[in-house]
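Engineer: Take this structure, written in C-alpha cells, and hold onto it; I'll ask about it next.
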Amino acid sequence: MTAVAAATRPAPSEPQAAEGPGPEVKEVKIEDKLYLNRWLADEESHLIVMDQGICLTRCGESHSYACTIFCPASVYKFEGNMISVMYEGCLECGACRLGCPYRNIEWHFPRGGYGVTYKFG
Amino acid sequence: MGGKVLGLNCPPVTESTSRVPVAEARRGYLRMAVERYDAIVVGAGPAGSAAALTMARAGVKVLVIERGDFAGAKNVMGGVLYSRQLADLFPAWPKDVPVERPVTRQEMWLLDESGSALRVGHQSARWGEGPPHMAYTVLRSRFDRWFAAQAEAAGALLVTETVVEDLLKEGDRVVGVRTGRPDGDVFADVVILADGVNSILAPKAGLRPEWPPEKVALAVKEIIVLPREKIEDRFNLEDGQGATIELVGDATRGTFGMGWIYTNRDSISLGIGSILADFVKLQLKPYDILEHMKAHPAVRKLVQGGEPKEYMAHLIPEGGFESLPRVYGDGYLMVGDTAGLVNVIHREGSNLAMKSGELAGQAVVEAKERGDFSSRALRRYHERLAESFILQDLKKYRRVPEFLNRHRELFTTYPALLNRVVTELFTVDGKSIKEKEAWLVGEVRREVGGWGSLARLGWEAYRAFVR
C-alpha cells in the first residue's frame, strides 16, 4: 500500500442544548454523528458521480437531488451547481449505489483497510 | 515463521492461530495453499464464517477474504442474534461468545405524533433460560470478530484488508477471485459469495440482479452508552435480562419501516430502518427520522443523558422469497444477505446467514468428497435450504412484502388511529360508552373506509401470512 493514509474526521459543531423540552425536532448536525466514528480515508474517492449534468437537469427537478436526501452520512451536497462528494465520511451502506434514480454513481468499496471501521457495529 | 498469502506476510502460525499442526504448517501447508484452495469465502460476516468453519472442520482448505481491518469492522445489524443456529455449530455453547444481554422481553410500540404510545409486549420465562438463551443482543463488530476467529481456529485462513473485485471465470464456471492486491488472483474449486447485501460480485457476474430501491431498507443506528444500572432501571430489567422494542407509526414519520431500541450490557442500540425509496419520496433524511424518534415522549427518557458512541448505516434486503436468486451454480454458492435471506417479519437475518453458511459448507464438503463442484453437485445446497426453515418460512411469507407495501397505512395512519381509539375509549369524561362507540364507528369509517374495508384487509392479511 503506497497511499499516505490520513485519519480524517469531520469537525464537530458547537454543542447543542442538552435536553429539548418537547417532541419537536432539533436540527440534526450530521457532523456530530460522524465525529463519533473512526475512519481511514484514502486519497481518492471510491464514489464518483458519473454525469453531473444528469443531477443538474433531471434529478434536481424530479427528486430534489435524491442522494442529498437519503445518504445517511450526507456525503452528497448540492453546492455551486454541482453535487460534491465528501467520501471521507462514507458509511459504506450502499444506499447511493441502489438509490440513485439514474444509476449515476459509480460505487466501489474503499480499498482494503480504508474507510470506516466500526467499534460496536 | 509465517507464510505469504496474496503477497501479505502472515503472522507466524502457532497452535493458537491454526488447527493445522504447527509442524505441518511450517512444512509449507500455507505456502502450498497460497496457489490454490478448495474453497474461497468472500466476506467474514456470520454467513461467511459459518461456511468457513463448517468446511475447515471437515478438512477443506479454506481462504476467507475480508475487506475490513478485521472481521466485523464493516458490519452492522439491529442487533438481535437468535442463538439456535449458532448452537447448531457449537453444541457445547462457548463461554466466550461476545453477546450483550439475553432477550427476555420483546415489545412493540405504536407511536403517534401527539406523543401517545400503544404498547404490547411479552416477557417469557423460557427466554430467561440459558445459556444459550433464545436470543441475545449483540454488537456485530465484536461478534463477527469472535466468530471469524473460531473459523480460523478450525483451520481456515483469514486475510483481511482485502477487497475482492471480481470473480474469475472459465466459461460459465467460477474458478477463483481477483482481489485488489497486486498479483491478487486466487483460485479455488468453489467460491462462496458472502459479501453481503452490497455484493458487487453477484450482479457483476450476472448471478443476480441489483435490487431496486423499493426492495431494500436503509437502516441507521446509534450506540448510546449509559450506566448499567440506569439501563436496568429504565427498562425494568434485572442483571442478565434484556429488552427489545420495535416501534412503528410516528417512529418512521410515514416512511415504510420500523424503529428499534435494544438493550446491550452498557449501551443501547437505537435505530430506524425504512424502504430506501421512501426517503426520497417523503423528502426525509434518515438521521432526522432517527432524531425524531429519539425525541418522542415515550422514547426520550430512555436515552436521556446517554452518550452517543457510534453512528452506523446499513442496507437490508427485504424482497423476500420473490426476490431470491438462484443460490448455486458452477463453482459458486451464495449465502446470507448476498442471496437476500432475511425474514423481515420475524426480524431474522444473521441466524439465516449462519444456517445458510453451514448448509453451503456441508454441500462443499460433499462436493469435495465426490470431486464434483458443478452446478449439479452444488444444487445440494439449494435442496438443503429448501428443506430447512429458511426457505419454508420465506416461501410461506412470499406475499407479505407486497401486502405490506400495498397497505402502508398499517405503518403510518393506523398506529395513530389505534392510539386515538384507545385514548378515547379509556378517557373518563362524562360521555356515555354508547357515544364513544358511535365516535369509534365514525373514525373507522373515515380512516379505513368502514367495516367492509377492515374485513377485506383482514382477509388479505390472512392470505399473505397464513395461507
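The values are calculated or read from the model by the stated rules, or taken from the named source; none is laboratory data. These numbers were taken from a predicted model, which means no experiment stands behind them. Note that we place each Cβ from the backbone using ideal geometry, even for glycine, and neighbour counts take in every protein chain shown. Each accessible area value is taken on the protein alone, full model and side chains, heavy atoms only, with ligands, DNA and RNA left out. Shrake-Rupley method; radii C 1.70, N 1.55, O 1.52, S 1.80 Å.
Engineer: I'm trying to understand the selection: among the residues of the range B:250-292, which are more than 10 Å from chain A (Cβ to nearest Cβ) and not in a strand (DSSP E or B)?
Structural biologist: Result: B:A251, B:T252, B:G254, B:T255, B:F256, B:R265, B:D266.
Engineer: Separate question: Name the one entry in A:P101, A:P72 that is farther than 30 Å from B:R142 by Cβ and at the interface with chain B (Cβ under 8 Å from one of its Cβ atoms).
Structural biologist: Unique residue meeting the criteria: A:P101.
Engineer: Using beta carbons and a limit of 9 Å, which pairs, at least six apart or on different chains, have the first residue in the range B:347-373 and assigned by TED's automatic domain parsing to the domain that holds B:L247 and the second one in a helix (DSSP H, G or I) and open to solvent by 10 Å² or more (accessible area, probe 1.4 Å)?
Structural biologist: Taking only residues 6 or more apart or on different chains, not a single pair turns up.
Engineer: What tally of residues in the range B:112-136 results from selecting those that are part of a strand (DSSP E or B), within 22 Å of B:N264 (Cβ to Cβ) and open to solvent by less than 70 Å² (accessible area, probe 1.4 Å)?
Structural biologist: Adding up the residues that qualify gives 3.
Engineer: Only one of these is facing chain A (nearest Cβ under 9 Å) and in a strand (DSSP E or B): B:E161, B:E165. Name it.
Structural biologist: Answer to the check: B:E165.
Engineer: Go through (1) part of a helix (DSSP H, G or I); (2) open to solvent by 70 Å² or more (accessible area, probe 1.4 Å) and name the single condition B:R467 misses.
Structural biologist: The one condition B:R467 does not meet is (1).
Engineer: How many residues does the range B:48-69 hold that are within 28 Å of A:Y114 (Cβ to Cβ) and not basic (K, R)?
Structural biologist: The number of residues fulfilling the criteria is 13.
Engineer: I'd like to verify a number: residues in the range B:411-440 that are without any contact (Cβ under 8 Å) to a residue 60 or more places away in the chain, open to solvent by 50 Å² or more (accessible area, probe 1.4 Å) and part of a helix (DSSP H, G or I), how many?
Structural biologist: Here the count works out to 8.
Engineer: Could you please find all residues in the range A:43-69 being more than 14 Å from every other protein chain (Cβ to nearest Cβ), assigned to a loop (DSSP other than H, G, I, E, B) and polar (S, T, N, Q)?
Structural biologist: Answer for the range A:43-69, where residues must be more than 14 Å from every other protein chain (Cβ to nearest Cβ), assigned to a loop (DSSP other than H, G, I, E, B) and polar (S, T, N, Q): just A:S45.
Engineer: Taking the range B:83-123 on its own, how many of its residues are under 19 Å from B:D144 (Cβ atoms) and small (G, A, S)?
Structural biologist: Final tally of qualifying residues: 2.
Engineer: Listed residues B:E318, B:E322, B:E369; which is out of contact with any strand residue (DSSP E or B) (no Cβ under 9 Å at 6 or more places or on another chain) and closer than 29 Å to A:C96 by Cα?
Structural biologist: B:E322
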